[in-house]
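Novice: Dropping a structure here in structure tokens format, bear with me for questions.
The values are calculated or read from the model by the stated rules, or taken from the named source; none is laboratory data. What you are looking at is a predicted structure, and each value in this text was computed from that prediction instead of being measured. Using ideal geometry, Cβ is built from the backbone for each residue, glycine included, and neighbour counts are taken over all protein chains shown.
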Amino acid sequence: MTKYLLILALLSINFASSATTAGKHKPTIIALSPHIVEMLYDIGAGEQIIGTTSFADYPEQAKNIPVIGNYLRLQIEKVITLQPDLIIAWKSGNPSDDLSRLKQLGFKIVYSQPNNFEDVANEMREFGQLTGHINQAEQQAERLLSELKVIKKQYQNKTPITVFYELWSRPLTTVAKGSWPQQFLTICQANNPFEQANTLYPQINIEKVLLSPIQLIIQPLSINQSDKIGFNWQDWPIIPAVKNKQLIQPDADAMHRMTMRSLKQLKILCADIDKTREFVKKLK
């Protein structure tokens, strides 16, 4: 009998808590980058977004969100008209002068700047607190960290192979230590000859690429690129990766937007790198 009464009491508490949460106002949000939009949908807060920037096209529902600017300029008048409870901005990807003006006008602004997957988990939790989706945010954060741990363990003892990561083709640009894509290479045990460059995204001439025995070329492409043509590697058959037809073209949007979807792309990338690793073994 006592056990039965205890269960009833716990159910009553949970119901009261749910009713209180349901009754709370969930803030309206302007999300100023595609990755912030995705992250908010991941934690269940997507329906609260009332404005965003160009290229916020995932998930499908995001295409219906009004666009109020891009990475160069925000339409301040539209923001004022929408009167969001909260603006979530990308610290290194939004115009700082526009954000300063919005702050002066009294809008609440919080910033997103995830540099690695652990940061994504932390921001999920933070945004869960801010948007009223604490439980789902915590579940997603734990899921991300758990899956990340499995991937790291799976590849930690693999033999490194040398890769070139083509971030952009004109000018030819790659990645280095501290950049978002570099963690993919590190986790997948891919050696980046330009990891120690002085900038996060160094511009590289082809002569520098030729100095390293590149075994795989990673050429992410996006459907949002006006110019979807990458660097023409076929002109350089002297590169082992070109000679052996070891070139992959991952989904750039999935890789470069700091979200759960990026973790899925990490799994795919590591598996593709592993295929080249096995190919190289057979050549020896």
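Novice: Among the small types (Gly, Ala, Ser), touching a Lys or Arg at 6+ places or on another chain (Cβ under 8 Å) and modelled with pLDDT of 95 or more: is that true of Gly51 in this structure?
Specialist: Spelling it out, Gly51 is indeed among the small types (Gly, Ala, Ser), touching a Lys or Arg at 6+ places or on another chain (Cβ under 8 Å) and modelled with pLDDT of 95 or more.
Novice: If you don't mind, there's one more thing I want to ask. Please list, ordered by first then second residue, the pairs with beta carbon atoms under 6 Å, 6 or more apart or interchain, first in region 88-100 and outside any strand (DSSP E or B), second aromatic (Phe, Trp, Tyr).
Specialist: That search, which allows pairs on different chains as well, returns Lys91/Tyr111; Gly93/Tyr71.
Residues are listed down the side, and each one gets a yes or a no for (1) in the same structural domain as Pro114 (by TED's automatic domain parsing); (2) touching a Ser or Thr at 6+ places or on another chain (Cβ under 6 Å); (3) in a helix (DSSP H, G or I); (4) not small (Gly, Ala, Ser):
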{"position": "Ile30", "(1), (2), (3), (4)": "yes, no, no, yes"}
{"position": "Val37", "(1), (2), (3), (4)": "yes, yes, yes, yes"}
{"position": "Tyr41", "(1), (2), (3), (4)": "yes, no, yes, yes"}
{"position": "Glu47", "(1), (2), (3), (4)": "yes, no, yes, yes"}
{"position": "Ile80", "(1), (2), (3), (4)": "yes, no, yes, yes"}
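For every residue, the table says whether it meets (1) surrounded by 14 or more Cβ atoms within 10 Å (Cβ to Cβ); (2) modelled with pLDDT under 95; (3) assigned to a helix (DSSP H, G or I).
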position: Gly106; (1), (2), (3): no, no, no
position: Val120; (1), (2), (3): yes, no, yes
position: Glu123; (1), (2), (3): yes, no, yes
position: Leu130; (1), (2), (3): yes, no, yes
position: Asn135; (1), (2), (3): no, no, yes
position: Gln139; (1), (2), (3): yes, no, yes
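Novice: Now for a different question. What is the residue count in region 74-104 for residues that are of a type in the set (D, E, K, R) and surrounded by fewer than 12 Cβ atoms within 10 Å (Cβ to Cβ)?
Specialist: Filtering region 74-104 down to residues of a type in the set (D, E, K, R) leaves 77-78, 85, 91, 97-98, 101, 103.
Narrowing further to those that are surrounded by fewer than 12 Cβ atoms within 10 Å (Cβ to Cβ): 77, 97.
Residues that pass the stated criteria total 2.
Novice: If I filter region 227-270 down to residues being of a type in the set (S, T, N, Q) and within 30 Å of Ala121 (Cβ to Cβ), which single residue comes out as surrounded by the fewest Cβ atoms within 10 Å (Cβ to Cβ)? Let's see the steps before the verdict.
Specialist: Step one: of region 227-270, the residues of a type in the set (S, T, N, Q) are 232, 234, 244, 246, 249, 259, 262, 265.
Now restrict to residues that are within 30 Å of Ala121 (Cβ to Cβ): 249, 259, 262, 265.
Values: Gln249: 14, Thr259: 28, Ser262: 25, Gln265: 20.
Here the answer is Gln249.
Novice: Could you run through region 169-184 and say how many residues are free of Cβ contacts under 8 Å to residues at least 24 places away in the same chain and buried (at least 17 other Cβ atoms within 10 Å of the Cβ)?
Specialist: Applying the first criterion (free of Cβ contacts under 8 Å to residues at least 24 places away in the same chain) to region 169-184 yields 177, 179, 182.
Next, only the ones that are buried (at least 17 other Cβ atoms within 10 Å of the Cβ) stay: 179, 182.
Adding up the residues that qualify gives 2.
Novice: Would you check if Ile36 is surrounded by fewer than 18 Cβ atoms within 10 Å (Cβ to Cβ) and at pLDDT 95 or above? Before you say what the answer is, go through the steps one by one.
Specialist: Working: surrounded by fewer than 18 Cβ atoms within 10 Å (Cβ to Cβ): no; at pLDDT 95 or above: yes.
So Ile36 fails the test.
Novice: If you check Gln104 against the conditions, is it under 22 Å from the mean Cα position of the chain (by Cα) and free of Cβ contacts under 8 Å to residues at least 12 places away in the same chain? Working first, answer last.
Specialist: Numbers: under 22 Å from the mean Cα position of the chain (by Cα): no; free of Cβ contacts under 8 Å to residues at least 12 places away in the same chain: yes.
No.
Novice: Shifting gears a bit: Name the residues in region 231-260 that are in contact with a helix residue (DSSP H, G or I) (Cβ under 8 Å, 6 or more places away or on another chain) and among the charged types (D, E, K, R), would you? Before the answer, list the steps.
Specialist: We begin by selecting, within region 231-260, every residue in contact with a helix residue (DSSP H, G or I) (Cβ under 8 Å, 6 or more places away or on another chain); these are 233-234, 236-239, 241-242, 244, 246-248, 250-251, 253-260.
Within region 231-260, Asp251, Asp253, Arg257 meet the criteria.
Novice: Being small (Gly, Ala, Ser) and closer than 21 Å to Phe127 by Cα is the filter; apply it to region 55-73 and report the residue that is surrounded by the most Cβ atoms within 10 Å (Cβ to Cβ). Lay out the reasoning, then the answer.
Specialist: Pass one, region 55-73, residues small (Gly, Ala, Ser): 56, 62, 69.
Retained after the next criterion (residues that are closer than 21 Å to Phe127 by Cα): 56, 62.
On the way: Ala56: 21, Ala62: 19.
Looking at residues that are small (Gly, Ala, Ser) and closer than 21 Å to Phe127 by Cα, I get Ala56.
Novice: Restricting to region 141-188, what's the tally of residues that are out of contact with any strand residue (DSSP E or B) (no Cβ under 9 Å at 6 or more places or on another chain) and in a helix (DSSP H, G or I)?
Specialist: Of the residues in that region, 19 qualify.
Novice: I'd like to verify a number: residues in region 54-78 that are over 16 Å from Leu99 (Cβ atoms) and assigned to a helix (DSSP H, G or I), how many? Please lay out each step first, then the result.
Specialist: First, the residues of region 54-78 that are over 16 Å from Leu99 (Cβ atoms): 54-67.
Narrowing the set further to residues that are assigned to a helix (DSSP H, G or I) leaves 60-64.
Qualifying residue count for the region: 5.
Novice: Which of the residues spanning region 87-133 are in contact with a Phe, Trp or Tyr (Cβ under 6 Å, 6 or more places away or on another chain) and not hydrophobic (A, V, I, L, M, F, W, C)? Don't jump to the end; show me each part of the working.
Specialist: To start, the set of residues in region 87-133 that are in contact with a Phe, Trp or Tyr (Cβ under 6 Å, 6 or more places away or on another chain) comprises 87, 89, 91, 93, 112.
Lys91, Gly93, Ser112, listed by residue number.
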